[in-house]
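Peer 1: Supplied in structure tokens, the structure appears directly below.
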């Protein structure tokens, strides 16, 4: 994202809660793949998960056990190799559903998603940090740590493979090493 206005508008906290983490990963994330992986991770743990994403912003709403009507909301935004992860507890999901429906495919623009999330936090859907009241603070910490671990697992992918026998660089589609003949696949 080369536009500094968009960076300032999108990659800043919206006031979800007390937990904000900045990560330097050095490459762009594929928000669609990240959305899918996080959704699968949390659903495998029994949570109900809703996601809306744009090319540079991902918002997860995770319905947690023991938090009636409230959702752990996690915003992941990126610019270049910098990632901002913000998490808190909110009591509304309607505005994010509308943002996803308005795009017809679940992918929205960065500004629309950021504005919808900011609207969710203000007014009737005010972001409230009720974690300490409900005794769910620990669960929120586990959720955000899992999000961070998944983001870090998207390390820079190697451009080519190496032969395990002779350490020669080979193309991904080779079945045999051209240097030593070792079977790669």
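A quick yes/no check of all residues on (1) at pLDDT 55 or above; (2) surrounded by fewer than 19 Cβ atoms within 10 Å (Cβ to Cβ); (3) more than 20 Å from the chain's Cα centre (by Cα):
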{"site": "69", "(1), (2), (3)": "yes, yes, yes"}
{"site": "77", "(1), (2), (3)": "yes, no, no"}
{"site": "96", "(1), (2), (3)": "yes, no, no"}
{"site": "115", "(1), (2), (3)": "yes, yes, no"}
{"site": "130", "(1), (2), (3)": "no, yes, yes"}
{"site": "158", "(1), (2), (3)": "no, yes, yes"}
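Peer 1: From the set of residues in the range 1-11 that are surrounded by 13 or more Cβ atoms within 10 Å (Cβ to Cβ) and part of a loop (DSSP other than H, G, I, E, B), which is modelled with the highest pLDDT?
Peer 2: Within the range 1-11, the match that is modelled with the highest pLDDT is 11.
Peer 1: Taking the residues in the range 17-37 that are more than 14 Å from residue 78 (Cβ to Cβ) and within 12 Å of the chain's Cα centre (by Cα) as candidates, determine which candidate is surrounded by the fewest Cβ atoms within 10 Å (Cβ to Cβ).
Peer 2: 36
Peer 1: Does residue 102 satisfy the condition of being in contact with a helix residue (DSSP H, G or I) (Cβ under 9 Å, 6 or more places away or on another chain), modelled with pLDDT of 80 or more and exposed (fewer than 15 other Cβ atoms within 10 Å of the Cβ)?
Peer 2: Details: in contact with a helix residue (DSSP H, G or I) (Cβ under 9 Å, 6 or more places away or on another chain): yes; modelled with pLDDT of 80 or more: no; exposed (fewer than 15 other Cβ atoms within 10 Å of the Cβ): yes.
No.
The values are calculated or read from the model by the stated rules, or taken from the named source; none is laboratory data. The model shown is predicted, which means the values in this text are computed figures rather than measured ones. All Cβ positions, glycine included, derive from the backbone under ideal geometry; neighbour counts span all protein chains shown.
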